[in-house]
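The values are calculated or read from the model by the stated rules, or taken from the named source; none is laboratory data. What you are looking at is a predicted structure, and each value in this text was computed from that prediction instead of being measured. With ideal geometry, Cβ positions are generated from the backbone for all residues, glycine too; neighbour counts draw on all protein chains shown. Only protein heavy atoms, including side chains, enter the accessible area calculation; ligands, DNA and RNA are left aside. Shrake-Rupley method; radii C 1.70, N 1.55, O 1.52, S 1.80 Å.
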Amino acid sequence: DGMFDTDADGVTDNDEVLGDSDPDNPNSTPLTIRTPEKLPDAFVKEYYYFNIMASGGAPPYEVLMLTPGNPPGFLLKSDGLILGLPEREGTFRFTIGVRDQNKITRKKVFTLTVKPQLKSGPNANPK
């Protein structure tokens, strides 16, 4: 009936309905992760930071990495900030969850592409 976690992972998916809004505020909207699935590109050895954004539900939110292990060189803070110094090229897919004060959780799979280190001329990497 759509009222329970349908894939048995203990986390309510974006398309699963479970306690949609804040019971203390009947005018509230359902908890939603607003950040698009494809995160801005990162570059090897270039500092990176980006905020995962959510709305609705009962803020403040706690942001969690649901996939074991962060992409190499990255950290996800509980306020939604992804930061780090990427270690290697690649495309990384991982699931992030956002939980509100009513313990409602939404999850989304994100993709982050790490591109080769930027070079800016013959002396881009002086010793």
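Some observations on this one:
- Count of residues meeting criterion [open to solvent by 30 Å² or more (accessible area, probe 1.4 Å) and in a strand (DSSP E or B)] in the range 77-91: 3
- Only one entry of 71, 36, 40, 126 meets the criterion of being exposed (fewer than 12 other Cβ atoms within 10 Å of the Cβ) and either modelled with pLDDT under 95 or touching a Cys at 6+ places or on another chain (Cβ under 7 Å) (or both), and that entry is 126.
- Taking residues in the range 85-106 that are farther than 25 Å from residue 55 by Cβ and among the hydroxyl-bearing types (Ser, Thr, Tyr), and partners anywhere that are surrounded by 13 or more Cβ atoms within 10 Å (Cβ to Cβ) and at pLDDT 95 or above, the pairs with Cβ atoms closer than 7 Å and at least 6 places apart or on different chains are 91/113.
- Every condition in (1) out of contact with any Pro (no Cβ under 7 Å at 6 or more places or on another chain); (2) part of a strand (DSSP E or B); (3) open to solvent by less than 30 Å² (accessible area, probe 1.4 Å) is met by residue 109 except one, and the failing one is (3).
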